[in-house]
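Take a look at the structure set out below.
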Amino acid sequence: MKYLIVSDIHGSLPALEQVLRVYEAERCDMLLVLGDILNYGPRNSIPDGIDPKGIAERLNAMKEHIVAVRGNCDSEVDQMLLQFPVLADYAVVVDNGRRLFLTHGHVYNEEHMPPCRHDAFFYGHTHLWKLERSADGCVVCNTGSVTFPKGGNVPTFAVLDNGRLSVRAMDGTVLASIDV
């Protein structure tokens, strides 16, 4: 399967639409959303094109193809708009025997790893993309943010295709890649 992994949309419909153009052009099978979907968060500025209802409509139309987890800005009210589960702190997706641990990063993160075995650890929250292999062989991927990147980074997301994971800029340019 081919997955597009995104985090920290924070209510920006133009950012989501740009990511979904890549999703469709590359014929991805599933969208993995790592939280902070609708709400821009009190520490952020109001994003360009803020449209939580538009995001809900767009994502609800593809709900059968989404696995999502809760970010620190997601709430029960958001779940009322979204027609797919978003309130779990983590999800585990198994792809060809590889365990992919999905979380936002405010509960589980590199300083507080989950106790279960996994081959790849995906998170967002910090808005700083990262892709590396840890000392124990696990791939660690922070997808960054498509709306509010930090540290001078461009907006980013990730794609996992047949065991090859890449972090990409919004135009699809590969910034880094690794085998999972």
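The values are calculated or read from the model by the stated rules, or taken from the named source; none is laboratory data. Remember, predicted model here, so these are calculated numbers, not experimental data. FYI the Cβ positions are ideal-geometry reconstructions off the backbone, even for glycines, and counts take in every protein chain you see. In case anyone asks, the SASA skips ligands and DNA or RNA and just uses the protein heavy atoms, side chains included. Shrake-Rupley method; radii C 1.70, N 1.55, O 1.52, S 1.80 Å.
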When residues of segment 55-96 are filtered for being assigned to a helix (DSSP H, G or I), open to solvent by less than 50 Å² (accessible area, probe 1.4 Å) and either touching a Phe, Trp or Tyr at 6+ places or on another chain (Cβ under 9 Å) or β-branched (Val, Ile, Thr) (or both), how many remain? 3
How do the pairs read when you match residues in segment 121-136 that are under 21 Å from PHE148 (Cα atoms) with residues anywhere that are of a type in the set (Phe, Trp, Tyr) and surrounded by 18 or more Cβ atoms within 10 Å (Cβ to Cβ), using Cβ under 8 Å and keeping only pairs 6 or more apart or on different chains? PHE122/PHE101; TYR123/TYR108; HIS127/PHE148
If I go through segment 142-167 residue by residue, how many of them are in a strand (DSSP E or B) and either modelled with pLDDT under 95 or under 22 Å from ASN44 (Cβ atoms) (or both)? 5
Quick one: is ASP8 open to solvent by 20 Å² or more (accessible area, probe 1.4 Å) and touching a residue at least 12 places away in the same chain (Cβ under 8 Å)? no
Which condition does PRO149 not pass, out of (1) open to solvent by less than 10 Å² (accessible area, probe 1.4 Å); (2) under 26 Å from CYS73 (Cβ atoms), if it passes all the others? (1)
Name the residues in segment 41-59 that are charged (D, E, K, R), in contact with a strand residue (DSSP E or B) (Cβ under 9 Å, 6 or more places away or on another chain) and modelled with pLDDT under 95, would you? ASP48
